[in-house]
Amino acid sequence: MAELQVFSTAGLAPHRRLDYWNAHAGDALTHLVADPLNDPAEFCGRLALAEIGTIRLAEVYSDPAIVRHTRRHIEAMQEGKFFLCLQLDGVSVNRQQGREAVLRCGDFTLFDSAFPYEVSFRDPNRMLVLCIPHEALLRRIASPEAIVAHAMPGDREVSGLLSSLVRSFWSQGGPEMQLGPRFSEAILDLIATAYAPLSRATAEVSPLCVARREQVRAFIEEHLEDPRLTPSSVARALRMSPRYLHQVFNEGETVARYILRRRLEECARSLKDPAQRGRTVTEIAFQHGFNDASHFSRAFRERYDETPREYRRPARSNSPS
């Protein structure tokens, strides 16, 4: 019988909740940091953890937050892991290697801990995370770095079969069943089968292309607050032609759209930060690379369906007791 471990912020003093959550979530999965979108003192998180053969399963509930796995976290890792994140409740936006996967109930995506990644959600979020040793998936999937952060639908073909099996297994008390290592091997084989069509489609993606894409993303993140940052300036700094830059970054989002999205996300995080209540909306926008308040307001509303001031209003917590 697998032992189920549970970690929760419930009952903790408000000033301890976030540190407790980041420490225990990092120990259970991999090094990361969660930045709540609402008051950190009211943050609620719960993690239930079990081991099934070579796979570690974790059901993770969290109040609205942006979760990041950074280069600093990668340097502190002792071993690499893949994470299959399966959405149970809510909607999450998952990013790695310049790609973005929006997940709804039943959908899943894959992360590689060897590269930075980010998960964000504006409402309470519940996921089932399968933590898989690097070597276990590398034996089954060629070039998994080329298929990370792709949204896999939970309602069709083999990906739907995998999603249904894993969710049913967990909801019916799977961790308490007497299961041998063959069950985890079967799950890994099914993951490989679900990703096989995508693996074939991306087989021609070279490691150099992946590395250059990550170089572009890292440069943008480092210079995000510079209003002069544009696709042309990125290409010049990295000694690429504009055409090659867009070829490298061709993942369903242009370089310009990526820069705009990331600036808006950083502004949204600052608007929800209680420590920045004394700063005006315009000050926050200009800090993150915008130089036109009207353009910022229009772009923000287009992405978040609210004006910056409406978004800034304190939100009620929907945390479970």
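Quick one: 35, 89, 305, fewest Cβ neighbours within 10 Å first, how do they rank?
305, 89, 35
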Hey, fewest Cβ within 10 Å first, where do 272, 81 land in order? 81, 272
Could you give the DSSP H helices of the chain that reach 24 angstrom or more along their long axis (alpha carbon positions) and whose average Kyte-Doolittle hydropathy is no lower than 0.0? 181-201
Segment 77-134: GluC sites (Glu not before Pro) in DSSP coil with no more than 15 other Cβ atoms inside 10 Å: 79
Residue of 241, 171, 143 that the Gaussian network model of the chain assigns the largest fluctuation, springs spanning Cα pairs under 10 Å: 171
In a Gaussian network model over the chain where Cα atoms closer than 10 Å are linked, find which of 41, 28, 13 has the largest mean-square fluctuation. 13
What residue among 274, 133, 103 has its Cα farthest toward the positive end of the dipole of the chain, where the charges are +1 on Lys, Arg and -1 on Asp, Glu, each on the Cβ? 274
What ranking of 15, 295, 69, 223 emerges when the number of other C-beta atoms within 10 Å of each C-beta is taken as an exposure proxy, fewest first? 15, 295, 223, 69
If we count every other residue with Cβ under 15 angstrom of residue 153's Cβ, Lys/Arg +1 and Asp/Glu -1, where does the sum land? 0
Surrounding net charge for residue 301, when Lys and Arg each add one and Asp and Glu each subtract one, Cβ distance under 12 Å: -1
Distance in Å, no decimals, from the C-alpha centre of segment 3-53 to the one of segment 76-90 is 15
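Coordinate-derived values only; no laboratory data. Values in this document were obtained by computation on a predicted structure and should not be read as measured data. Using ideal geometry, Cβ is built from the backbone for each residue, glycine included, and neighbour counts are taken over all protein chains shown.
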